[in-house]
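These notes are about the structure you will find just below.
The values are calculated or read from the model by the stated rules, or taken from the named source; none is laboratory data. All of these numbers come straight from a predicted model, not from anything done at the bench. Because the Cβ atoms are built from the backbone with ideal geometry, glycine has one as well, and the counts that use them run over all protein chains shown. Just so you know, the surface numbers come from the protein's heavy atoms only, side chains and all, with ligands and any DNA or RNA stripped out. Shrake-Rupley method; radii C 1.70, N 1.55, O 1.52, S 1.80 Å.
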Amino acid sequence: MRLPWIVEPRIGRTGPRALLAPLIAVATTILAAVVLMSSQGVAPSRAIWQLYIAPLSSLYNLSEVLLKMAPLLIIAQALAIGFRAKVWNIGAEGQLLLGAIGGSLLPLWFNDSVNPMMLPAMALCGMLFGIGWAALAAFLRTRFNANEILVTLMLNSIALQLLYYLVSGPLRDPYGFNFPQSALFPQVAMLPSLFGMGRANVSIIVALLATVAAWIFVERSMTGYKLQVGGVAPDAARYAGFREKRAVWLSLCIGGAAAGLAGVFEVAGPLGQLQRVVSPGYGFAAIIVAFLGGLNAIGILFAAFFMAVIYVGGDMAQASAGVPYAVNTSLQGVLLVSYIAARLFVDYRVRWRRDITQQGAN
């Protein structure tokens, strides 16, 4: 059946038009928050306050925003590099969990250590574990042409079950009253605090440095240029000698390293031990952050901040107004869907066939 319209790409996209999609997505998410919380008996004005203003109303609340922003920013910057190359890593959550496991081994094995190199060694172990988990998907993609979306997604579940097994068995604290968690880390394995009050730590500094590194890699390095060309024009990239397998390995390993580092920051920061619940879904939320930021390093910075505000606002609304935590997850979904829909109309336009026929006749 022939449709009476066609969808065609727009010729050019100016700077203001590029900002239109994320702004529409943010506005839609705010409106959805008001509707969802109103359905739970919360007044619209209070809903806006709880979700978007209260997280910024005090130094402690702001420190919570920065605490949650750090892993989102680190992971999203790395995922965006792969997404530009059309390598779809959906397994950052599992890679984060493996990084948390790998980073926890040193402080658990050397629980009485005072070595100042403990934290750097934990970060290295966590990154290697994240890379190793991502490398499984890279190997299956390059060797057997397995779809990396499905492989990385399934590896998330395996990583979660592995975490459950370890904290309930080999890594469980023998003096922890049978709770599924490890022993507390020594002080040398904890991230330094950023402010005098609150839980924010130096992970946000690392995340900002990762943002600068991501921008330089994408915009100023030859390797970043090759990845972009491979994503936009794969045939031209192959003709120019750019290897697709190398792009797959590089993209997935960069994502795995960043997610693994974020996992270390979680166990060495707010948690102070390995637990069953290491992440509230940062690996999945970072995918939304990467797209909301337009796969651009600077845009991702603002998108990560907005997503962190949603996280903290949702927690505050749950504690003070009894709003279900599912509202928080729903808003993340609304943010992604509304952004995708907005991008469709920003990047493409719908034209009726009769208009095209009349133009041709003229």
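Side notes on the structure shown:
- Single match in MET118, MET127, MET69, MET122 (criterion: open to solvent by 40 Å² or more (accessible area, probe 1.4 Å) and in contact (Cβ under 8 Å) with a residue 24 or more places away in the chain): MET127
- Cβ-Cβ distances below 9 Å connect the following pairs, each with a first residue in the stretch 170-196 that is under 27 Å from TYR60 (Cα atoms), a second residue that is open to solvent by 70 Å² or more (accessible area, probe 1.4 Å) and not in a loop (DSSP other than H, G, I, E, B), and a separation of six or more residues or different chains: LEU194/ILE205; PHE195/LEU59; PHE195/TYR60; GLY196/LEU59.
- All positions within the stretch 191-223 that are of a type outside the set (A, V, I, L, M), over 16 Å from GLY299 (Cβ atoms) and assigned to a helix (DSSP H, G or I): SER203, ARG220, THR223
Rundown of residues vs (1) within 30 Å of TYR165 (Cβ to Cβ); (2) open to solvent by 10 Å² or more (accessible area, probe 1.4 Å), yes/no style:
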site: GLY272; (1), (2): yes, no
site: GLN275; (1), (2): yes, yes
site: PRO280; (1), (2): yes, yes
site: PHE284; (1), (2): yes, yes
site: ALA308; (1), (2): no, no
site: SER320; (1), (2): no, yes
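- The stretch 131-153, residues that are free of Cβ contacts under 8 Å to residues at least 40 places away in the same chain and open to solvent by 40 Å² or more (accessible area, probe 1.4 Å): LEU136, PHE139, LEU140, ARG143, PHE144, ASN145, ASN147, LEU150
- Residue in the stretch 94-104 that is open to solvent by 20 Å² or more (accessible area, probe 1.4 Å), more than 18 Å from GLU244 (Cα to Cα), touching a helix residue (DSSP H, G or I) at 6+ places or on another chain (Cβ under 7 Å) and in a helix (DSSP H, G or I) present: no
- Only one entry in SER221, SER330, SER251 is surrounded by 24 or more Cβ atoms within 10 Å (Cβ to Cβ) and among the polar types (S, T, N, Q), namely SER251.
- From the list ALA233, ALA258, ALA303, the lone residue that is open to solvent by less than 50 Å² (accessible area, probe 1.4 Å) and farther than 22 Å from LEU72 by Cβ is ALA233.
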